[in-house]
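We did not get these values from a lab; they are worked out from the coordinates using the rules stated. The structure presented is a predicted model; accordingly, all values stated were derived computationally and were not measured. With ideal geometry, Cβ positions are generated from the backbone for all residues, glycine too; neighbour counts draw on all protein chains shown.
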Amino acid sequence: MIIFPQAKINLGLRILRKRDDGYHDIDTCMLPIPLKDILEIIPDREEELQLSGIPVEGDTASNLCWKAYRLLQSEYSLPQTYFHLMKLIPMGAGLGGGSSDAAEVIKGLNQVYNLGISDLQMEEYAARLGSDCPFFIKNVPQIAQGRGEMLSSIDFDLKGYFVKIVNPGIHVGTAEAYAGTLPNEKVDSVRDVLLKGVERWKDELVNDFEHSVFAIHPILKAIKEELYHEGAVYAAMSGSGSTIFGIYRNEPIQSFPEYFEKIMRI
């Protein structure tokens, strides 16, 4: 089986409150974009995870794909399985690549071994692996709340628009991203802002991480400003960074040859 884990971008991200467990409650919308890894799953073969493409840090045991495999193996006594992951989505870029890979392992094993696991059950397994993982089970535009694992559907239309992503290769740690942010519950919900239409997003759809991250990495702010200068109707940082994306009515040009840059139709 060969499957294609997709990346996502965040449309808005509000930090509402800090929780007693140390996490934060957030409000965001995750939108799949057509940037994909390639994942091969071969059942009943040697137990192995092979990696190619963009280098992945860490050993096999720490890889989210392998953790997803071990999780289902412990629940369903799966036979040995071979995986080959070609990484094409930049790592640590706010695009959810690792989370998407893990979710696709769960979905792929469910199909290969006819486990009969429902979407809800798969989301529950995915939530054990990371806050973004459950989103990729259904992999459609969704509002994510709580730590990111509380999902609800949303319907808005960006058909025909283009998205341009620019990643300058800067690693933004979680603690670094949260430093300087001020949780605020008294803000308009991301859902309400999205449904006002894309023309309103520039002024009203906010990623709270930008304030602290842009102060540390001003190049990210400069990229965002350049995307607006090029004609983006909306531009923002995805998640906690460091990818900056722009949404365009007309296909933009490539203008950042020194960085990872992709232009795709949504």
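Miscellaneous remarks
- In this label model, GLU185 and GLN50 are separated by 5.3 nm, measuring between points 7 Å along each Cα→Cβ vector.
- Least to most buried among ILE117, ILE266 (fewest other Cβ within 10 Å first): ILE266, ILE117
- With Cα atoms defining each centre, the range 212-266 and the range 1-54 are spaced 20 Å apart in the structure.
- Counting every C-alpha pair in the range 114-211, the share spaced more than 21 angstrom apart comes to 52%.
- Vicinal HN-Hα couplings computed from phi for the range 177-185 (Karplus, 6.51 cos²θ - 1.76 cosθ + 1.60; Hz; Gly/Pro x): 5, 6, 4, x, 7, 10, x, 8, 7
- Sorting ASP208, ASP119 from the fewest to the most surrounding beta carbons within 10 angstrom yields ASP119, ASP208.
- Computed E for GLN254/MET1 - FRET, C-beta separation, R0 45 angstrom, nearest 0.05: 0.85
- Selected from VAL190, VAL56, VAL213 as most flexible by GNM, with the chain as the system and alpha-carbon contacts under 10 Å: VAL56
- Per-residue ellipticity at 222 nm from helix content only, as computed over the chain with -39500 (n - 2.57) for each DSSP H run of at least four residues, stands at -8000 deg cm²/dmol.
- Whole-number D in µm²/s for the range 162-265 (Stokes-Einstein; Kirkwood sum over Cα pairs; 10 °C, 1.306 mPa s): 111
- Residues of the range 113-140 falling in the label zone of SER74, defined by backbone nitrogen less than 14 Å from a point 7 Å along Cα to beta-carbon, are 125-130.
- The alpha-carbon of LYS18 sits under 16 angstrom from the alpha-carbons of these aspartates and glutamates, leaving out residues fewer than 8 places away in its chain: ASP27, GLU149, GLU176, GLU185, ASP208.
- Length gained when the stretch VAL112-GLU230 is fully extended (0.36 nm per residue, less Cα-Cα span): 37.9 nm
- Eigenvalues of the alpha-carbon gyration tensor of the range 2-153, scaled by 5 and square-rooted, set the equivalent ellipsoid semi-axes at 26, 17, 14 angstrom, largest first.
- Farthest toward the positive end of the dipole of the range 62-197, out of LEU85, GLY98, PHE162, is the Cα of LEU85, where the dipole comes from beta carbon charges about the Cα centre.
- Each of LEU35, LEU16, LEU115, LEU11 was scored by other Cβ atoms within 10 Å of its Cβ. Arranged with the fewest first, they read LEU115, LEU16, LEU35, LEU11.
- Applying a threshold of 21 Å to the alpha-carbon distances of LYS67/LYS107; LYS186/LYS224; LYS159/LYS262 flags LYS186/LYS224 as lying beyond it.
- Each residue of the chain gets 128 Å³ once the volume of the Cα convex hull is shared out per residue.
- A straight chain from ILE170 to HIS84 at 0.36 nm per residue would run longer than the Cα-Cα distance by 28.3 nm.
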